[in-house]
1. Here is a check on your reading of the model: is residue 110 assigned to a helix (DSSP H, G or I) and of a type in the set (Asp, Glu)?
2. Are any of the residues in segment 99-114 within 16 Å of the ligand (Cβ to nearest atom) and either in contact with a His (Cβ under 6 Å, 6 or more places away or on another chain) or among the small types (Gly, Ala, Ser) (or both)?
3. Taking segment 71-118 on its own, how many of its residues are among the small types (Gly, Ala, Ser) and either farther than 19 Å from residue 204 by Cα or surrounded by fewer than 21 Cβ atoms within 10 Å (Cβ to Cβ) (or both)?
4. Given 222, 173, 143, which one is more than 15 Å from the chain's Cα centre (by Cα), at pLDDT below 95, β-branched (Val, Ile, Thr) and surrounded by fewer than 17 Cβ atoms within 10 Å (Cβ to Cβ)?
5. Do we find a residue being touching an Asp or Glu at 6+ places or on another chain (Cβ under 6 Å) and polar (S, T, N, Q) anywhere in segment 97-112?
6. Write out, first by first residue and then by second, each pair whose Cβ atoms fall under 6 Å of each other, whose residues are 6+ apart or on separate chains, and whose first residue, in segment 36-60, is surrounded by 10 or more Cβ atoms within 10 Å (Cβ to Cβ) while the second is in a loop (DSSP other than H, G, I, E, B) and modelled with pLDDT of 85 or more.
7. Does segment 181-219 hold any residues that are out of contact with any His (no Cβ under 6 Å at 6 or more places or on another chain), within 16 Å of the ligand (Cβ to nearest atom) and modelled with pLDDT under 95, and which are they?
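The values are calculated or read from the model by the stated rules, or taken from the named source; none is laboratory data. Owing to the predicted nature of the structure, the values given are computational and were not obtained by experimental measurement. Every residue, glycine as well, gets a Cβ built from its backbone with ideal geometry; the counts of neighbours run over all protein chains shown.
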Amino acid sequence: MNEHHPNDAGPPAQHSPTEHSHAGHSHHEAPRAAALELRVRALEQQLTAKGYIDPAALDVLIDEYQTKIGPRNGARVVARAWCDAEFRRWLLSDATAAIASLGLTGRQGEHMVAVENTPQVHNLVVCTLCSCYPWAVLGLPPTWYKSAPYRARAVKDPRGVLREFGVELPPTTQIRIWDSTAEVRYLVLPQRPAGSEHLSEAQLAALVTRDSMIGTGLVGSTALGDATDAIDGAP
Ligand code: FE
């Protein structure tokens, strides 16, 4: 039995623990990460005390990379797939090449797999052993993605986790869990919101959130309302 992937949440993820290799770091990552975090915090405190940095400014900077700059790349990929059926097929059959064609390459994006949400299937991405994440399309991973509770509970109780993110799926929707590794990083292709036919590719990209590409969010009608307001209000 694959202890990292109880199969109660849909089909097993594609990698057994023995295959789940994380190049450059061992599976005893957690204590080392905690030590590193302590060192970073100590350094930050010293620099703050000496007046070299402003922690609030650092937070803003990190937030920019986590929620704005990084995920915008993935949002471009999603919007292109929504608008261009040929690109969508390419993305689902060879995500690495399709994503590279938009100029998005680099570390932790070498082997990408795109998984498509439908009314029948919802995809959720986790790295059960550490924090493997598609940097090239999503930027920095959010803190919760690296947290032990998310990594454990996404597999054991995906519906409960999704509910905490404000995502309530119909009971008939199957949830598939994808376990990111050093070799394979996943990008969720969210469902295009109903009523978005009039939006341009750029406007659609603006609707796509980071969480919707991890599977902990949906691209919903609320966002669509905002986009429509923005368009209506445009000069
Ligand atoms: Fe990992």
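1. Working: assigned to a helix (DSSP H, G or I): no; of a type in the set (Asp, Glu): yes.
The answer is no for residue 110.
2. First, pick out the residues of segment 99-114 that are within 16 Å of the ligand (Cβ to nearest atom): 107-113.
Applying the additional criterion that residues be either in contact with a His (Cβ under 6 Å, 6 or more places away or on another chain) or among the small types (Gly, Ala, Ser) (or both) yields 109.
Yes; the residues of segment 99-114 include at least one that is within 16 Å of the ligand (Cβ to nearest atom) and either in contact with a His (Cβ under 6 Å, 6 or more places away or on another chain) or among the small types (Gly, Ala, Ser) (or both).
3. Step one: of segment 71-118, the residues among the small types (Gly, Ala, Ser) are 74-75, 79, 81, 85, 93, 95, 97-98, 100-101, 103, 106, 109, 114.
Those left that are additionally either farther than 19 Å from residue 204 by Cα or surrounded by fewer than 21 Cβ atoms within 10 Å (Cβ to Cβ) (or both): 85, 93, 95, 97, 100-101, 103, 106, 109.
Residues that pass the stated criteria total 9.
4. On the way: 173 fails: at pLDDT below 95; 143 fails: more than 15 Å from the chain's Cα centre (by Cα).
Checking each option against the conditions leaves just 222.
5. In the first step, residues of segment 97-112 are kept if they are touching an Asp or Glu at 6+ places or on another chain (Cβ under 6 Å); the result is 111.
Restricting the remaining residues to those that are polar (S, T, N, Q) gives none.
No - not one qualifying residue is present in segment 97-112.
6. Once the first residue is surrounded by 10 or more Cβ atoms within 10 Å (Cβ to Cβ) and sits in segment 36-60, its partners that are in a loop (DSSP other than H, G, I, E, B) and modelled with pLDDT of 85 or more give 47/53.
7. Across segment 181-219, the qualifying residue is only 185.
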